Amino acid sequence: MLKIKIFVFNPVQENTYLLYDETTKAVIIDCGAYSNDEKKQLSDFIREKKLTLKHVLNTHLHFDHILGNGFLYETYGLKPEYNPADEAIPGFKEGLIRFGFSTFKYDLVLAEQYIEDKDIITFGNTRLQALATPGHSPGSLSFYSEKDACVFTGDTLFRFDIGRTDLWGGNSEELLQSIKNKLFTLPGETVVYPGHAEISTIGEEKKCNPYIR
């Protein structure tokens, strides 16, 4: 059975997800660990649960979702996996300054391997399917577990909200199509784990999200 630990990291309050099952194999989705305390929280939990990290996954490459990738590479020897379309995102340092990270030193860790639509990521007894959900960024992905009835949507879909499209590569029509054609086709009971704020379900969003009609 899949277990999910949620960490809320960095001043932008980004959701970092650590997934693991009964085999103690694990993956991290969108590691936003920024401070030494946040990095310690994450590594202490991994050590206490005796987990073995198998993958570092990114839904997209906006700075708040990848701040911890360097730490994971240095500590566990794993490079991130993401859709290549997001490697073209410009202005990483400008984003850090804009959101108050002007003194943060960061070297972008490039992918170990790329992820495309419908790719399957496995760890232990768990399978995640990558869903291409562009709109917030060109390479935005969601990660879906049919067995465990949950989907990790990054900044594409939030509880009663949707991702912004005013950043580089954003496209409002693409975003709405991604939600309607990819996410809203999932079963209603599927739990939505977004990149920020509280969890929801596909059923709740189809019924109550004011941006999707």
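We did not get these values from a lab; they are worked out from the coordinates using the rules stated. Predicted, not measured: the structure shown is a model, and the values here were computed from it. Here Cβ is always computed from backbone atoms with ideal geometry, including for glycine, and neighbour counts include all displayed protein chains.
Normalised by the residues of the chain, what does the relative contact order come to in percent, with Cα pairs under 8 Å and at least six apart?
On the way: 463 pairs, mean separation 34.4, N = 213.
This gives 16 percent for the chain.
Among the DSSP beta bridges whose two residues both lie in the chain, what percent are antiparallel, rounded to the nearest 5? All intermediate terms of the calculation are to be shown ahead of the outcome.
Working: 27 of 40 bridges.
Taking every DSSP beta bridge within the chain, about 70 percent pair in antiparallel fashion.
Counting Lys and Arg as +1 and Asp and Glu as -1, each charge on the Cβ, what is the dipole of region 1-90 about the Cα centre in debye, to the nearest 20? All intermediate terms of the calculation are to be shown ahead of the outcome.
Numbers: 10 positive and 13 negative charges, 86 e Å.
Its charge dipole is roughly 420 debye.
Rank by packing, highest mean first: peptides 16-29, 137-150, 181-194, with packing defined as the count of other Cβ atoms within 10 Å averaged across residues. Please list the in-between numbers first.
Working: 16-29: 20.4, 137-150: 22.2, 181-194: 17.2.
Order by mean packing, descending: 137-150, 16-29, 181-194.
For a quick check: with amide H placed at 1.01 Å from N, whose amide H comes under 5 Å from residue 119's, ignoring anything fewer than 5 positions away on the same chain?
Close amide H contacts, sequence-distant or interchain: 130.
Want the number for residue 114 to residue 73: 0.36 nm per residue separation, take away the alpha-carbon distance, what's left? Show your work: numbers first, answer last.
Working: separation 41, 0.36 × 41 = 14.76 nm, distance 1.62 nm.
Extending this stretch completely gives an extra 13.1 nm.
What does the helix-only formula give at 222 nm for the chain: each DSSP H stretch with n ≥ 4 adding -39500 (n - 2.57), the total divided by the residues, and the result rounded to the nearest 500 deg cm²/dmol?
Numbers: 5 runs with 42 residues, N = 213.
Only helices count here, giving -5500 deg cm²/dmol.
Quick check on packing: order 79-86, 172-179 by the mean number of other C-beta atoms within 10 Å, highest mean leading. Show your work: numbers first, answer last.
Working: 79-86: 20.9, 172-179: 18.5.
Result, highest mean first: 79-86, 172-179.
Pop out the ³J(HN,Hα) list for region 143-150 in order, Karplus 6.51 cos²θ - 1.76 cosθ + 1.60 with θ = phi - 60°, rounded to Hz; leave Gly and Pro as x.
My calculation for region 143-150 gives 10, 10, 10, 5, 4, 9, 6, 8 Hz in order.
Would you pull out the residues with amide H under 5 Å of residue 201's amide H, same chain only if 5 or more places away, H placed 1.01 Å from N?
Sorted by chain and number, the residues that satisfy this are 192.
Please report, in Å, the Rg and the Dmax of the chain, where both are computed over Cα atoms only.
Expressed in Å, the Cα Rg and Dmax of the chain come to 16.0, 45.
Short version: ³J(HN,Hα) in whole Hz for each residue of region 172-183, in order, from phi by Karplus 6.51 cos²θ - 1.76 cosθ + 1.60 (θ = phi - 60°), x for Gly and Pro, what are they?
5, 5, 4, 4, 5, 5, 4, 5, 5, 8, 10, 7
Listed here are the pairs 50/182; 39/207; 3/40; 39/79; which of them are more than 28 Å apart at the Cα?
Details: 50/182 35 Å; 39/207 38 Å; 3/40 20 Å; 39/79 16 Å.
Long pairs (Cα-Cα over 28 Å): 50/182; 39/207.
Would you please give the residues with an amide H less than 5 Å from that of residue 196, counting only those at least 5 places away or on a separate chain, with H modeled from the backbone geometry?
15
Hey, what do the phi angles of region 64-72 turn into as Karplus ³J(HN,Hα) couplings, whole Hz, using 6.51/-1.76/1.60 and θ = phi - 60°, x for Gly and Pro?
So the Karplus estimates, Gly and Pro as x, are 5, 9, 10, 4, x, 4, x, 4, 5 Hz.
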